[in-house]
Every structure is written in structure tokens, then in C-alpha cells.
Amino acid sequence: KDGEYGTLVVDGLPALGAERQYQLWLIRGDRRTSGGVFSVSAEGYGALLISSPNPLSSYPSFGITIEPAGGSPSPTGEKVLGGSL
């Protein structure tokens, strides 16, 4: 109801080794806010419960990068997905 929670579901992403995870970035202007980190199954399927400090509608776009396991404070890895919210 407050717009601060959502769910991301992905399919077809390559599985990563244990030392890497995907990280969701909520983008507003030049600021990136982590929406969480997730892994995918061997088949490339994964889901993430997104928790945001602001309503998700306040972020016009998103990106997903490959980061070290546990995530990074800001994007450091290759961007693999992105789009508008």
C-alpha cells in the first residue's frame, strides 16, 4: 500500500558462481539505491522481495548488475538488465 515493497522475478539469467550475485539498483537521476541482491537457479530463475526507503514509484528506472556476493554499496559490475519502472 505504501509503495515501498515489490517483487522482482527474472528468468533466463546465467547462474553465477558462489562469489557473485545479481544486485538490483533503483535509479533516480544520478543516484543508485540498492533494492537487494539475489541469485538464480541453474535454470536462470530467481525472485527478490524489494524493500525500498522511498516509494518505488519515485524511481523512474532500474538496473541489475553482477556484484560480489552480498552486494556492493554502489554499482561496480557489468549491467545485465535495465528498464523503466
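Here Val40 fulfils each of the conditions (1) in contact (Cβ under 8 Å) with a residue 40 or more places away in the chain; (2) in contact with a Gly (Cβ under 7 Å, 6 or more places away or on another chain) apart from (1). Looking only at residues of the range 55-65 that are surrounded by fewer than 18 Cβ atoms within 10 Å (Cβ to Cβ) and not small (Gly, Ala, Ser), we find that the one that is nearest to Ser84 (Cα to Cα) is Pro60.
Here are Ser39, Ser51: which of them is within 19 Å of Gly3 (Cβ to Cβ) and polar (S, T, N, Q)? None of the others qualify; the one that does is Ser51.
What are the residues in the range 62-76 that are in a loop (DSSP other than H, G, I, E, B) and free of Cβ contacts under 8 Å to residues at least 40 places away in the same chain, if any? Matches in the range 62-76: Pro73, Thr76. Within the range 20-54, if we keep just the residues that are assigned to a loop (DSSP other than H, G, I, E, B) and loosely packed, with under 12 Cβ neighbours inside 10 Å, the residue that is modelled with the lowest pLDDT turns out to be Pro53.
The values are calculated or read from the model by the stated rules, or taken from the named source; none is laboratory data. Keep in mind the model is a prediction, meaning the values are calculated, not measured. Cβ atoms come from the backbone with ideal geometry, glycine included; neighbour counts cover every protein chain shown.
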